[in-house]
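Novice: Provided herewith is a single structure, encoded as structure tokens, for subsequent inquiry.
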Amino acid sequence: MDFKDLLRIQGYDPDARERIVLLRHRPFEPRLARAMPWIIEDRPDLFETYQSVP
């Protein structure tokens, strides 16, 4: 399964003329980057907060 498959499942046409953009929100700080797997696994609430900040 890839990103296009996920779009199709949700009813989007990835080959349509409208553009779909995927952004990966990732920390640049080395300590936070190393902690991210733990945060995702053990603190999904904290991860959701991090992802919601522009």
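Bear in mind that the values in this text are calculations on the coordinates, not laboratory data. Because the structure is a prediction, the values reported are computed rather than measured. A quick note on method: Cβ atoms are made from the backbone with ideal geometry, for glycine too, and the neighbour counts reach across all protein chains shown.
Novice: Assigning unit charges at the beta carbon (Lys, Arg +1; Asp, Glu -1) and nothing else, what dipole magnitude in debye, to the nearest 20, does the chain show about its Cα centre? Don't skip to the answer; put the middle values down first.
Specialist: Working: 9 positive and 10 negative charges, 50 e Å.
My answer is approximately 240 debye.
Novice: Oh, and also: Can you work out the Karplus-derived ³J(HN,Hα) for every residue in segment 2-10? Use 6.51 cos²θ - 1.76 cosθ + 1.60 with θ = phi - 60°, whole Hz, and x for glycine or proline.
Specialist: Ordered by residue, 3J(HN,Hα) equals 10, 4, 4, 4, 4, 4, 4, 4, 8 Hz.
Novice: Would you please name the chymotrypsin sites (Phe, Trp or Tyr not before Pro) within the chain that are DSSP coil residues with at most 10 other C-beta atoms within 10 Å of their C-beta?
Specialist: For chymotrypsin sites (Phe, Trp or Tyr not before Pro) across the chain that sit outside H, G, I, E and B with at most 10 neighbouring Cβ atoms in 10 Å, the list reads Phe28.
Novice: Apply the Karplus curve 6.51 cos²θ - 1.76 cosθ + 1.60, θ = phi - 60°, to the phi angles in segment 19-29 and return the couplings in whole Hz, x for Gly and Pro.
Specialist: Once rounded to whole Hz, the list reads 8, 10, 10, 10, 10, 10, 8, 9, x, 8, 6.
Novice: Would you calculate a helix-derived [θ] at 222 nm for the chain, using -39,500 (n - 2.57) for each DSSP H run of n ≥ 4 and dividing by the full residue count, to the nearest 500?
Specialist: That calculation yields -15500 deg cm²/dmol at 222 nm.
Novice: Another one. Using only Cα atoms, find the angle between the long axis of helix 30-42 and the longest principal axis of the chain, and express it within 0 to 90 degrees, rounded to the nearest 10.
Specialist: 70
Novice: Please work out how much length the chain gains when fully extended from Gln51 to Ile20, using 0.36 nm per residue of separation minus the C-alpha to C-alpha distance, in nm with one decimal.
Specialist: Between Gln51 and Ile20, full extension yields 9.3 nm more.
Novice: For the chain, rounded, prolate or oblate, judged on the Cα gyration tensor with a ≥ b ≥ c (square roots of eigenvalues), a/c < 1.5 rounded, else prolate if a/b > b/c? Before the final figure, lay out each step's value.
Specialist: Details: a/c = 2.77, a/b = 2.22, b/c = 1.25.
Verdict is prolate for the chain.
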